[in-house]
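Trainee: Please read through the structure below; I'll follow up with questions.
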Amino acid sequence: MRRGPLGTMFKFLNWWAGQWPVDERPNAVLQQQMRQLAATQAQSFKQTLPTVYVIAPTFLFWIDWQIILGWTLLTTFAQCINTANANQFLARLKRSPLSQQESQLWALRLAGCTLLYSGLWASCIVLFWADGVLLNNFYLLALIAISLAPITLLNSAFLINFFGAAGISSVFMLGTLLSHPDPVYWAMAAVYCMFFAAMAGHAVRINRAARSMIEMSIEKTQLIDALSEAKKTSDAARAAAEDASRAKSQFLANMSHELRTPLNAIIGFSEVISREVFGPVENAQYHQYSGDIHASGQHLLALINDILDLSKIEAGQYSIFEEHVDLPLVADDCHKLLELRADVNDIAIERRFTQAMPLLHADKRAVRQIWLNLLTNAVKFSPAGSRILMVAEHQVDGSFVIGVHDEGPGIAPDELERVLETFGQGTEGIARPGSGTGLGLSIVKGLAEAHDGTFVLESHVGEGTRAHVIFPADRISLPGRQIPDRLSKAYP
């Protein structure tokens, strides 16, 4: 790629400073360096102009006042141009970032204005030089040499400006010293060159430090912007997912009547036919089919009820009708519903209830469904000859636990989270077709959280499963009736 004179100058100076060429590094770094320079130049007139106005009158002892006045006015004019140019650059940078070409053009303008002011300032060594007046001349040399320090501080943020300003001052300084026939002035020129090299080294180090800080600042800003953009994308995706989930749950919740009404009709009519209410069914196969229709309808209705309940829970529309729940009565109800199925599989259902059973302030239907779902899962997966334990007891922190323990095959640790998900099933559930849809534990978890409670599932392969719902202490009321001894069996 061809480079213009300005680009070549940038490359050389930054190579000398141990940096990348400006047109090969991020344009944002260049703009920030120029911004630092312009911010300094926009305020430098507050120090430079008073210095000019104080120094200029001191030469009236040796130089005509007309020359001093002309130099003062030109220097002031150059400083005003420098300040106005810096303010224009800062205003332009506020509107939008600069292109690479714009950056180089502005760099040229900033360097040109600096060069103009520095040249006029350093010209005093020529304009105010008085042959034979040592005090005046040494005063001039000292001023130009000393001014190299503020030039370094003001322009080190941008090396082009430093070398331009320091270079033009050095040209006037060295030209004056080397043109004098006295060798002492030549020695002073050598000392000045050493001083210039030292100042240049300081300028390079300051520039490197400033550039490193700028690069880190830009990287931090880019990282923050990237994180902000990722968060916006994540929030939008999450909002869309939540909207879709709410729409799905709302749809299923609104379909409750439309789904249950025809199913109840199917179940009712099939039951009428199965019981031969209006007369005998002469064909035995028709009688069997009606029973199958009734059983299938009941199964489908139970499944739909589970889906609708879960949808209501997810949609936040599950209404809790709180009352004082007599836990032993709910346990009796659930026990009776599962007792026949447990007896068929030679499974014993036992209890471990606290003697002073409290009243639970909760939704009775929800508590019944929690226990029923846990018992159904336990009976479904427990082997013949095993036992299932229904638990209801106080905790040390005042909370109350109801749950079910079984001696089934257990759940692998890596499957515990999966079985709590909607339609999630473990290895045992997948291996048993028709064992369920994976909604039972999800519903239990949702109902527990609806009561400000917690669902805890503990299991080990080959050691059974312990499922607990923990109700907070503020849902526990005064103790109710005592549990008969015959129902409080020990369970190892």
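The values are calculated or read from the model by the stated rules, or taken from the named source; none is laboratory data. Keep in mind that what you see is a predicted model, and the values were worked out from it rather than measured. FYI the Cβ positions are ideal-geometry reconstructions off the backbone, even for glycines, and counts take in every protein chain you see.
Trainee: For residues that are part of a loop (DSSP other than H, G, I, E, B), surrounded by 18 or more Cβ atoms within 10 Å (Cβ to Cβ) and modelled with pLDDT of 85 or more, tally how many sit in segment 447-492.
Mentor: Total meeting the criteria: 2.
Trainee: Moving on to the next point. Looking at segment 345-356, which of the residues that are assigned to a loop (DSSP other than H, G, I, E, B) and either out of contact with any Ser or Thr (no Cβ under 9 Å at 6 or more places or on another chain) or of a type outside the set (Asp, Glu) (or both) is nearest to Asp406 (Cα to Cα)?
Mentor: Looking at residues that are assigned to a loop (DSSP other than H, G, I, E, B) and either out of contact with any Ser or Thr (no Cβ under 9 Å at 6 or more places or on another chain) or of a type outside the set (Asp, Glu) (or both), I get Ile347.
Trainee: Which number in (1) touching a helix residue (DSSP H, G or I) at 6+ places or on another chain (Cβ under 7 Å); (2) crowded, with 20+ Cβ neighbours inside 10 Å; (3) under 30 Å from Phe251 (Cα atoms) marks the one condition that Ala331 misses?
Mentor: (3)
Trainee: Select, from Leu73, Leu69, Leu60, Leu98, the only residue that is part of a helix (DSSP H, G or I), aliphatic (A, V, I, L, M), touching a helix residue (DSSP H, G or I) at 6+ places or on another chain (Cβ under 7 Å) and assigned by TED's automatic domain parsing to the domain that holds Leu134.
Mentor: Going through Leu73, Leu69, Leu60, Leu98 in turn, just one is part of a helix (DSSP H, G or I), aliphatic (A, V, I, L, M), touching a helix residue (DSSP H, G or I) at 6+ places or on another chain (Cβ under 7 Å) and assigned by TED's automatic domain parsing to the domain that holds Leu134: Leu60.
Trainee: Considering segment 404-438 alone, what residues qualify as being modelled with pLDDT of 75 or more, under 25 Å from Leu327 (Cβ atoms) and in a loop (DSSP other than H, G, I, E, B)?
Mentor: Within segment 404-438, Glu407, Gly408 meet the criteria.
Trainee: Against the definition (among the polar types (S, T, N, Q), assigned by TED's automatic domain parsing to the domain that holds Val126, closer than 30 Å to Leu134 by Cβ and in a helix (DSSP H, G or I)), how does Thr221 come out, yes or no?
Mentor: Considered against the rule, which asks whether it is among the polar types (S, T, N, Q), assigned by TED's automatic domain parsing to the domain that holds Val126, closer than 30 Å to Leu134 by Cβ and in a helix (DSSP H, G or I), Thr221 comes out as no.
Trainee: Another question, then. What residue, among those in segment 80-104 that are modelled with pLDDT of 85 or more and among the aliphatic types (A, V, I, L, M), is farthest from Asn27 (Cα to Cα)?
Mentor: The residue in question is Ile81.
Trainee: Of the residues that sit in segment 395-424 and are crowded, with 22+ Cβ neighbours inside 10 Å and small (Gly, Ala, Ser), which one is nearest to Arg368 (Cα to Cα)?
Mentor: Filtering first and then ranking leaves Gly403.
Trainee: A further question on this structure: Go through the residues of segment 143-157 one by one and say whether even a single one is under 55 Å from the mean Cα position of the chain (by Cα), within 17 Å of Asn27 (Cβ to Cβ) and touching a residue at least 12 places away in the same chain (Cβ under 8 Å).
Mentor: For segment 143-157, residues under 55 Å from the mean Cα position of the chain (by Cα), within 17 Å of Asn27 (Cβ to Cβ) and touching a residue at least 12 places away in the same chain (Cβ under 8 Å): present.
Trainee: Scan Arg260, Arg238, Arg275, Arg246 and give me the residue that is surrounded by 10 or more Cβ atoms within 10 Å (Cβ to Cβ), farther than 25 Å from Leu300 by Cβ, basic (Lys, Arg) and modelled with pLDDT under 80.
Mentor: Arg246
This table checks each residue for (1) part of a helix (DSSP H, G or I); (2) at pLDDT below 85.
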site	(1), (2)
Leu337	yes, yes
Asp343	yes, no
Pro358	no, no
Ala362	no, no
Arg368	yes, no
Leu372	yes, no
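Trainee: Still on this structure, please answer the following. Between Ala203, Ala197, which is within 28 Å of Leu140 (Cβ to Cβ), modelled with pLDDT of 85 or more, assigned by TED's automatic domain parsing to the domain that holds Leu37 and assigned to a helix (DSSP H, G or I)?
Mentor: Ala197
Trainee: Assess whether Arg92 counts as being under 14 Å from Leu159 (Cα atoms) and within 40 Å of the chain's Cα centre (by Cα).
Mentor: no
Trainee: Does segment 203-210 include one or more residues that are within 24 Å of Leu120 (Cβ to Cβ) and not hydroxyl-bearing (Ser, Thr, Tyr)?
Mentor: Within segment 203-210, one or more residues are within 24 Å of Leu120 (Cβ to Cβ) and not hydroxyl-bearing (Ser, Thr, Tyr).
Trainee: Does Leu116 fit the bill of being under 22 Å from Met199 (Cβ atoms), surrounded by 15 or more Cβ atoms within 10 Å (Cβ to Cβ), in contact with a Phe, Trp or Tyr (Cβ under 8 Å, 6 or more places away or on another chain) and assigned by TED's automatic domain parsing to the domain that holds Thr48?
Mentor: No, not satisfied.
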